[in-house]
Amino acid sequence: MQATLTIDLSAIIANWRALDALSGPNVETAAVIKADAYGLGAATVGPALAAAGVKRFFVAQAEEAVALRAALGPAPEIYNFSGYMQGDDAAITEHGMIPVLNSAEQVKAFSKTHAGRPCGVQLDTGMNRLGMEALEAASVALDIAALKPDLVMSHLACADEPAHPMNAAQLAAFNAMSFAMTAPRKALSATGGILLGAPFHFSLTRPGIGLYGGAPFTDARPVVELSLPVVQVRDLLPGEAVGYGATWVATRPSRIATVSGGYADGILRAAKGFSLYAGTTPCPVVGRISMDLITVDVTGLKRVPDSLSLLNATQTVDVLAEAAGTIGYEILTSLSGRYKRIYKGE
Ligand SMILES: *Cc1c(COP(=O)(O)O)cnc(C)c1O
């Protein structure tokens, strides 16, 4: 029996509205729905956000842009953070993908083949991941001007740490580098940058994780619920062990529920010290996480329910991430294709 992942579209929309409200009325709030909307299904999340008023979407690969176009129809703009790469021509000409050009080489190549079509430009203000540094941008300044980019953007490396000096340094660098560039839109901030305040907003923001209920947007409404069916329940005597490696041994008469869901479903094996919930009652996970199964100590329950909850308003993606030594982004993007997916609030 499949586990059930419930995705609350109305919460995603409420989170987008809340993030939008944090910037001024002249600042457009886009939506980042790369990696299949952080694992939640871009083909459903995209149209829901478009219906709520999102006009610009960002993805990370041309293939994602093509798939998203089919789901969104012709109106919304779809930008690709990877810019213009070999094999991307049909995505641009037939599916209206807007590449965010990352290098002098991409600027030159795009100018040759697609001059006159919309494009964005990404500047590197210190993250050293994507985008042109000042000298590289200067070397193709005339080409960039001729392309009349629709968007000039950069990305913050440390926006989830408000006191980090990189934030002010990148802001200053972006102001300096983009000053001489004419574009209808300038953008520096993802979710974290929106929370840093107005100087970081420019004319467009690009939230991702905050839409899906994750930190650093701590006021977000939780978006996912994950419920794992109980496959069987067994009673153990003190001294009996559970799971691979026999790492957990009962110290009292114990009742163990085996639930469907494991590391093949993105429930990270490294996660330690977390629970599954029977309503509001936490039941500790015991023993190792297997490929398809988890074992849970339900000794304290009067009645074992048909399913136990792994993600909910109490145990959010960030709580589970903490238990696994990772971030909410990885919990979300690891969510299994094996789960039955239910969309609420469509
Ligand atoms: C992923 C990404 C975003 C969205 O970031 P969040 O932290 O999820 O809000 C925005 N801009 C760029 C360039 C990205 O790669």
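A few remarks follow.
- Working from label points 7 Å from Cα in the Cα-to-Cβ sense, the Ile327 to Arg252 distance is 4.0 nm.
- Dipole magnitude for region 216-346: computed about the Cα centre from +1 point charges on Lys and Arg Cβ and -1 point charges on Asp and Glu Cβ, it is near 300 debye.
- Cα→Cβ-extended label distance, 7 Å offset, between Gln2 and Arg221, nm: 2.5
- For a modelled paramagnetic label at Thr182, 7 Å from Cα along Cα-to-Cβ, the residues of region 134-158 in reach, with backbone nitrogen under 17 Å, are 141-152.
- Axis of helix 104-114 versus longest Cα principal axis of the chain: the two differ by about 70°, to the nearest ten degrees.
- Protection proxy ranking for 69-77, 155-163, using the average of other Cβ atoms within 10 Å per residue and placing the highest first: 155-163, 69-77.
- The alpha carbon centroids of region 191-262 and region 48-94 are separated by 30 Å.
- Förster radius 25 Å - calculated FRET efficiency between Thr280 and Asp235, Cβ distance, rounded to 0.05: 0.55
- Dipole magnitude for the chain: computed about the Cα centre from +1 point charges on Lys and Arg Cβ and -1 point charges on Asp and Glu Cβ, it is near 560 debye.
- C-alpha long axis of helix 9-21 to longest principal axis of the chain, angle in °: 50
- Rounded to 5, the percent of DSSP beta bridges in the chain classed as antiparallel: 55
- Sorted on the mean count of surrounding Cβ atoms within 10 Å across their residues, most packed first, peptides 294-305, 270-281 read 294-305, 270-281.
- Positive-end residue, the chain charge dipole about Cα centroid, Cβ charges, pick of Ala134, Val285, Val54: Val285
- Nearest 10 degrees, 0 to 90: helix 42-52 Cα axis against the chain principal axis: 60
- Taking a Cβ cut-off of under 11 Å around Phe174, the surrounding Lys, Arg, Asp and Glu residues balance to a net charge of 0, with basic ones at +1 and acidic ones at -1.
- Restricting the chymotrypsin sites (Phe, Trp or Tyr not before Pro) of region 163-219 to loop positions (DSSP other than H, G, I, E, B) with no more than 13 neighbouring Cβ atoms within 10 Å leaves Phe179.
- Residue (of Ala257, Thr326, Leu151) at the positive-pole extreme of the chain, dipole from beta-carbon charges: Ala257
- Dipole orientation for the chain: of the candidates Ala109, Ala3, Ile92, Ala3 has the Cα lying most toward the positive pole (charges on Cβ; Lys, Arg +1; Asp, Glu -1).
- The GNM of the chain, with springs linking C-alpha atoms under 10 angstrom apart, assigns the highest mean-square fluctuation among Glu105, Glu133, Glu225 to Glu105.
- Remark: spin-label model distance Tyr244-Arg341 equals 2.7 nm, labels positioned 7 Å along the Cα→Cβ axis.
Every read-out reported here was derived from the displayed coordinates using simple, explicitly stated rules and does not represent laboratory data. The structure presented is a predicted model; accordingly, all values stated were derived computationally and were not measured. Quick reminder, even Gly has a Cβ in these numbers, built from the backbone with ideal geometry, and neighbours come from all protein chains shown.
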